[in-house]
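The values are calculated or read from the model by the stated rules, or taken from the named source; none is laboratory data. Note that the structure is predicted; figures quoted are calculated from it, not measured. Heads up, the Cβs are rebuilt from the backbone with ideal geometry, glycines too, and the neighbour counts pull from every protein chain shown. These area figures cover heavy atoms from the full protein model, side chains too; ligands, DNA and RNA do not enter into them. Shrake-Rupley method; radii C 1.70, N 1.55, O 1.52, S 1.80 Å.
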Amino acid sequence: MNQLPRPRLITPDVLVIGGGPAGLTAAAELKRRGAGHVLVVDREENAGGIPRHSDHTGYGVRDLRRVMSGPAYARHLVRQATDAGVEISTRTMVTGWADTTTVDVTSPDGRHQIRPRALVLATGARERPRTARRIPGDRPHGVYTTGQLQNLVHLHHQPVGQRAVVVGGELVSWSAVMTLREAGCTPALMVSQYAKAESYGAFNAAGRTVLRVPVATRTRVTRIIGKGRCQAVEIENLDTGKRRTVDCDTVVFTGDWIPDHELARAGGIELDEGTLGPVTDTALRTSRPGVFAAGNVLHPVDTADIAALDGKHVAEQVISYLQGAPDPTEGVRLIADAPFRWVAPQILRQNDPAPARGRLLLWTDEFSRFPKVTLRQDGRVVARRTLPWPAAPGRVFRVPDGILKNVSPTGGPVHIGLG
């Protein structure tokens, strides 16, 4: 009986899985810092991540100090990495783990294995589709996520419908609105379950006045109607229970992000119950030695430039690991209390660096205009600070890490809440 040939083994110094803003920025920074052979693998035909098909401006503000369109930003990050000497392998799928330090890979060149000295998970996040949201009704054509819509319009130049309902009120929801308008489709209504649409007030005001999109708050979609092609949606006011139908031939489900965590989960890496991404400390180490994570796989979902700065932060920590830094000490767990759904990172260790950009990232399910953030450890309040910016559903809430200065590195878990 003939045995299958053993897969070819590749041994880079660092493997970065995911060629979006976090992965490309991490790879470029690693190469500039002398990390050796840095390999990025990405399953798409072209690297660059979501910005490739997000054809509007607003990218690059925090990381590049300039404003660019999504496709231009993606091309810049790819060029930045390749100019630094990073090897980028596209149409390359990591299919699993051969052992704790080796991954199985399939590419146009066939099957092979990669065994790096250090690995960075930068696999990003995706929107939950209609099926995952359990929206009943018919199963017609014309129902998309934002990513599917933008891929269809900007990459494949295909038409969509004439009249659309956008489900969600996040930043990405307005991105969907602009894509619909570019495709000649009128956004007839935006639907948000919250009392205030989740995006920043300036975006909501501009959307209503400039883009002329009405927003139905405290509202949910209860049914999709249509045989063959979508014809309407049924919506319900969450306060009154009143229902009505809205004619449309296109529905776009936006936001409601989940990290692409399948590889981390398959490898037995500890996942956080709130983010559903890998548990990390402020150095972005995961529970597996030598495996780091960065970007929206950790905090779904933040802007592309914040993900890129995560990549820059993780590069410094990977270099330290490659240079033989000692094993991390025991850490203190950070726990998000209601109304917060999650906090990232989740572990605070003595002598570790500050988190990326000196910020803890949280997600809230309730709006608070002047949130009073409170930290409790071992039954006592160790910090309380009122912040001048709101905590709002649908966008990341940032807390300066100085609030952690009185946390005991040998104490119990730290609970982060409001009040």
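Scanning region 236-258 for residues that are assigned to a strand (DSSP E or B) and under 28 Å from the mean Cα position of the chain (by Cα) yields 250, 251, 252, 253, 257, 258. Do we have any residue at all in region 233-256 that's out of contact with any Ser or Thr (no Cβ under 9 Å at 6 or more places or on another chain), within 30 Å of residue 18 (Cα to Cα) and at pLDDT 95 or above? Yes, region 233-256 has at least one match. Each residue in region 264-290 was checked for being within 17 Å of residue 97 (Cβ to Cβ) and crowded, with 22+ Cβ neighbours inside 10 Å, and 3 of them qualify. Region 1-93 holds helices (runs of 4 or more DSSP H) entirely within its bounds, and those carrying 2 or more residues that are open to solvent by less than 40 Å² (accessible area, probe 1.4 Å) and either out of contact with any His (no Cβ under 8 Å at 6 or more places or on another chain) or of a type in the set (D, E, K, R) (or both) map to 21-32, 70-84. Taking the stated definitions as given, is residue 105 modelled with pLDDT of 95 or more and either of a type in the set (Ser, Thr, Tyr) or not in a strand (DSSP E or B) (or both)? No; evaluated as a whole, the condition is false for this residue. Among the residues making up region 227-237, those that are over 14 Å from residue 163 (Cα atoms) and open to solvent by less than 60 Å² (accessible area, probe 1.4 Å) are 228, 234, 235, 236, 237. In this structure, residue 76 qualifies as on the phi < 0 side of the Ramachandran plot, without any contact (Cβ under 8 Å) to a residue 24 or more places away in the chain and over 18 Å from the mean Cα position of the chain (by Cα).
All told, residue 382 meets the bar of being over 27 Å from residue 309 (Cα atoms), touching a Leu at 6+ places or on another chain (Cβ under 9 Å) and surrounded by 13 or more Cβ atoms within 10 Å (Cβ to Cβ). Whenever a residue of region 345-369 is touching a residue at least 24 places away in the same chain (Cβ under 8 Å), its partners that are part of a helix (DSSP H, G or I) and among the basic types (Lys, Arg), lying with C-beta atoms within less than 9 angstrom and at least six residues away or across chains, give the pairs 356/312; 357/62.
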